[in-house]
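Read through the structure below, which is laid out as structure tokens, and then see the notes.
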Amino acid sequence: MSNRMKAALFDLDGVVFDTEPQYTVFWGAQCRLYHPEHPGLEHEIKGQTLTQIYDRWFSGPLEQEQAVITRRLDEYEAGMDYCYIAGFTDYIARLRSRGVLTAVVTSSNIMKMEAVYRQHPEFKGMFDAILTSEDFEHSKPHPDCYLKAAARFGLQPEECVVFEDSFNGLRSGRAAGMCVVGLATTNPVDAISGLSDMQITDYREFNM
């Protein structure tokens, strides 16, 4: 498979950065505030897009709270710690030395990415393309985002490898017809094995 990989397409949270625990803290606070009747809801919504969370849990009488939560989230993301998953920077350097194209394909918005760039000035130089929520018509698990990334590079789906951690992201990569590497950072290996071709906990000693 490594000989066929012409592009590596990375989700952001839980794949490039170890941010999922911080999101659990944020959403835990929001869920306890708005849904005290549903303890542990922050764990159920892991890996879902903001739109999906709002549609399921903050519609109807709570719809007016969406703007408030979005403002809180923007402020929270601006101050988050964006720490790379162990081994990531070495791994992506190896990919680029082999001529493999690299891209971030994330449901995060440009505002959040600006916070990433401030904390990591080197970030843009690590990737040939960065696609955010503003670039897609459909959210994961729809394959739109990964197909657009492949098209950006002029490649076929089978020439791309997707790195994902969430169920929706893994399904998106599968639906795009790409090889999928599952990161067991958000969900355990046994939970993601049916949606990915291989599973890793981080990039140390990963040689694909």
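Taking the alpha carbon gyration tensor of the range 18-82, multiplying each eigenvalue by 5 and rooting it gives semi-axes of 18, 14, 11 Å, largest first. Sequence-ordered 3J(HN,Hα) estimates for the range 5-20 from the Karplus curve with 6.51, -1.76 and 1.60 and θ = phi - 60° stand at 6, 9, 8, 10, 10, 10, 5, 9, 6, x, 10, 9, 10, 8, 9, 4 Hz, glycine and proline given as x. If I fit a long axis through the Cα atoms of helix 66-78 and take the longest principal axis of the Cα atoms of the chain, what angle between them do I get, 0 to 90°, rounded to 10? Taking the Cα atoms of the chain, the angle to 66-78 is about 50 degrees.
Per-atom-type breakdown for the chain gives carbon and sulfur 50% of the accessible area (1.4 Å probe, protein chains only).
Relative to the dominant Cα principal axis of the chain, helix 144-153 is inclined by about 30°. With each label modelled as a point 7 angstrom along the Cα→C-beta vector, the Glu37-Ala86 pair spans 4.2 nm. Between Tyr203, Pro157, Gly40, the Cα set farthest toward the positive side of the dipole of the chain (charges on each charged residue's Cβ, about the Cα centre) is that of Pro157. Please report, to one decimal in angstroms, the Kirkwood hydrodynamic radius of the chain built from all distinct Cα-Cα pairs. Over the chain, the inverse of the mean reciprocal pair distance is 17.5 Å. Label sites at Asp55 and Glu122, each approximated as a point 7 angstrom past Cα along Cα to Cβ, lie 3.9 nm apart. Binning the C-alpha pair distances of the range 121-173 at 10 Å intervals from 0 yields a P(r) profile of 23, 54, 22, 1 %, listed from the shortest bin outward.
Considering only DSSP beta bridges whose two residues both sit in the chain, what percent are antiparallel, to the nearest 5? Here the share of antiparallel DSSP bridges comes out near 5 percent. Shape class of the range 140-208 from the alpha-carbon gyration tensor: oblate, with a/c at 1.5 or above and b/c at least as large as a/b.
Taking every protein chain into account, the accessible area of the chain amounts to 46 square angstrom per residue (probe 1.4 Å). Ranking Glu205, Glu77, Glu134 from most to least accessible surface, computed with a 1.4 Å probe over the protein chains only, gives Glu205, Glu134, Glu77. The label-point distance for Leu62 and Val25, in a model that sets each label 7 Å from Cα toward Cβ, rounds to 2.2 nm.
The values are calculated or read from the model by the stated rules, or taken from the named source; none is laboratory data. Keep in mind that this is a model prediction, so the values were computed, not measured. When we count neighbours, we look across all protein chains shown, and the Cβ atoms used for this are built from the backbone with ideal geometry, even at glycine. What goes into the accessible areas is simple: the full protein's heavy atoms, side chains included, and nothing from ligands, DNA or RNA. Shrake-Rupley method; radii C 1.70, N 1.55, O 1.52, S 1.80 Å.
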